[in-house]
Amino acid sequence: MTAILDRPAPTHLSPRLTAATAGRVLRQLRHDHRTIAMMLVLPSALLGLLYLLWKDVPTLPGQAGIFDRVGLTMLGIFPFVVMFLVTSIAMLRERTSGTLERLLTTPLARLDLLLGYGAAFGLAAALQAVVTVTVATTLYDLDVTGSTWLVVLIAVADAVLGVALGLLASAFARSEFQAVQFMPVVVLPQFFLCGLLVPREQMAGWLQAVSDVLPLTYAVEALQEVGRSAEATGTMWADVGIVSGVALLALALAAATLRRRTA
Amino acid sequence: MDAVTVTDLVIDRGRRRVLPGLSFTVPAGQVTGLLGPSGSGKTTLMRALVGVQRIRSGTVTVLGEPAGSPGLRSRVGYVTQAPSVYPDLTVRENARHFAALYGAGAREADAAVAGVGLADAAGQLVADLSGGQKGRVSLACALVGSPEVLVLDEPTVGLDPVLRVELWERFHALAAAGTTLIVSSHVMDEAGRCDRLLLLRDGELIADSTPAQLRADGRSEDLEEAFLNVVRAREEVAA
């Protein structure tokens, strides 16, 4: 007997429906005051803790302080981690509440839905990054040689990467317990190998090769470039391009794994 | 003209065969009731009609196209049994979101909210509403697209009798305007309100009939009893 094949429906992208989805996600956020407060304040507070931790640790003459190096990198890692968690839970909620199934019966294309999420949380991440960068450079004397706007831009790219990987991971999570555990699976290896804990040149060759294919590596490298060059470098733009490209690829993959018909 | 044609539909869920081979048609512009006890396959069948159910074999045609085709998504509305709306948005925000997806505007959204009797609660978060009110928000979010076919999975569960009557009047007004409605229910007293009846039991179609015909076949004015008589008569034939 021939089974009816579950052909993926063509995805007719519609900027109008993507915007409608982004607007809806932002409205949901707006009703959740505590989440907004945490999103805006938490990274600054954690960065403050790091600042106090290293404040009195002497640095070798001629070298950048540890906080300047780690704090700057953290500006890219916070939005990545937070947005990964928030979106994987948000998508799981859509799935378990039945709203996802309902959305799939409307003219909304699957990629519209995911791009809408990316746009909404990208915007939230931009706000978060402006607050965190401002606090870091004024209160904690974080030294950035390049433009702080580039730091914000990289933070937003990292956030969108987190959103995209979170949406993709949620496709494989059947329960909240699984969704939460995808965070260490996806985030921690990238964090360990991104060059912050051990410079990439000092890693074993195979670890460096693994690090080469992990997107967070490029996010961190981009921030390090802004940290030491006054002008935006070609390496930095290439890194931002790689991070954004991987984010788009993950969104497309997430759309492809989102099945309209389920058993 | 038939709005829905189902031919030899077979659906498995897990290892269980839920629908072993259904065939029926649903006429356009009428209220067709899909009745049967819990677990008889009503929801699975409705999911197949809107194209979100994976099917083993057979065909489901809605308005001349395969169920779930992109072209049907703005013409078919679906209200799930559990209210599928966003609890962290207000009633109005939910309706406007689904209106936007169907290409309708804020005015249609507000009219849909008023149409299910929730105009006074429009600014409230859905999470703060009662179960029956949530169900009505979910209904408004389907009505807002003015679909030609409306698939409603147990839309009157938990509603007070007055509201239930009002909703049925609404369904008939929609049908009179040309909308095809397929409404599931597990309570037989709602069967009498339908133009046509499909009685489902263990995935099999026991009757494809009208209330009047079912009363005649089951030799009872009470539809519940008539249904039971029909089931017993079938079992005697099978035995």
| field | Leading residue by the ranking (farthest from A:D141 (Cα to Cα)) among those in segment A:37-64 that are open to solvent by less than 80 Å² (accessible area, probe 1.4 Å) and touching a residue at least 60 places away in the same chain (Cβ under 8 Å) | value | A:M39
| query | If you go through segment B:120-128 one residue at a time, do you hit one that is closer than 21 Å to A:H31 by Cβ, of a type in the set (D, E, K, R) and within 12 Å of another protein chain (Cβ to nearest Cβ)? | reply | yes
| field | Subset of segment B:135-188 [aromatic (F, W, Y) and farther than 25 Å from B:T25 by Cβ] | value | none
| message | Against the definition (more than 7 Å from chain A (Cβ to nearest Cβ) and within 24 Å of B:P27 (Cα to Cα)), how does B:V50 come out, yes or no? | response | no
| remark: In segment B:21-66, anything within 23 Å of A:G98 (Cβ to Cβ), part of a loop (DSSP other than H, G, I, E, B) and within 15 Å of the chain's Cα centre (by Cα) is listed as B:G36, B:P37, B:S38, B:S40, B:G41, B:V50, B:G51, B:V52
| Any pair with Cβ under 7 angstrom, 6 or more apart, that starts in segment B:53-69 at a residue that is more than 8 Å from chain A (Cβ to nearest Cβ) and ends at one that is acidic (D, E) and assigned to a loop (DSSP other than H, G, I, E, B) | B:L63/B:E148
| query | If you check A:R27 against the conditions, is it modelled with pLDDT under 95, within 30 Å of B:G135 (Cβ to Cβ), within 14 Å of chain B (Cβ to nearest Cβ) and part of a helix (DSSP H, G or I)? | reply | no
| message | Here is a check on your reading of the model: is B:A140 hydrophobic (A, V, I, L, M, F, W, C), free of Cβ contacts under 8 Å to residues at least 40 places away in the same chain and under 22 Å from B:G178 (Cα atoms)? | response | no
| note | In segment B:204-230, anything β-branched (V, I, T) and either touching a Pro at 6+ places or on another chain (Cβ under 9 Å) or farther than 12 Å from B:M188 by Cβ (or both) is listed as B:I206, B:T210
| query | What single numbered condition from (1) hydrophobic (A, V, I, L, M, F, W, C); (2) at the interface with chain A (Cβ under 9 Å from one of its Cβ atoms); (3) open to solvent by less than 50 Å² (accessible area, probe 1.4 Å) fails to hold for B:V91? | reply | (2)
| remark: Pairs returned, first residue in segment A:241-263 that is open to solvent by 50 Å² or more (accessible area, probe 1.4 Å), second residue that is not in a helix (DSSP H, G or I), beta-carbon separation under 7 angstrom, 6 or more apart or interchain, are A:A256/A:P8; A:T257/A:A171; A:R259/A:D6; A:T262/B:V52; A:T262/B:R54; A:A263/B:R13; A:A263/B:R54
| request: Can you tell me which residue among A:A155, A:A125, A:A120 is under 14 Å from the mean Cα position of the chain (by Cα), within 14 Å of chain B (Cβ to nearest Cβ) and buried (at least 18 other Cβ atoms within 10 Å of the Cβ)? | output: A:A120
| query | Of all the residues that make up segment A:199-220, how many are open to solvent by 60 Å² or more (accessible area, probe 1.4 Å) and under 22 Å from A:A164 (Cβ atoms)? | reply | 2
| note | The lone condition B:R17 fails out of (1) over 28 Å from B:G158 (Cα atoms); (2) buried (at least 17 other Cβ atoms within 10 Å of the Cβ); (3) more than 10 Å from chain A (Cβ to nearest Cβ) is (2)
| said: From the list A:R95, A:R69, exactly one residue is within 24 Å of the chain's Cα centre (by Cα), open to solvent by 20 Å² or more (accessible area, probe 1.4 Å) and within 13 Å of another protein chain (Cβ to nearest Cβ). Which is it? | reply: A:R95
| query | What number goes with the only condition from (1) open to solvent by less than 20 Å² (accessible area, probe 1.4 Å); (2) within 9 Å of chain A (Cβ to nearest Cβ) that B:L45 does not pass? | reply | (2)
| Going by the conditions given, is A:M236 open to solvent by less than 10 Å² (accessible area, probe 1.4 Å) and more than 30 Å from A:P107 (Cα to Cα)? | yes
| message | I'm checking my understanding of the structure. Among residues of segment B:70-83 that are within 8 Å of another protein chain (Cβ to nearest Cβ) and surrounded by fewer than 22 Cβ atoms within 10 Å (Cβ to Cβ), which one is farthest from A:H33 (Cα to Cα)? | response | B:P70
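The values are calculated or read from the model by the stated rules, or taken from the named source; none is laboratory data. Not measured: the values here are computed from a predicted model. Don't worry about glycine lacking a Cβ; one is built from the backbone with ideal geometry, like all the others, and counts go over all protein chains shown. For accessibility, only protein heavy atoms count, side chains too; no ligands or nucleic acids. Shrake-Rupley method; radii C 1.70, N 1.55, O 1.52, S 1.80 Å.
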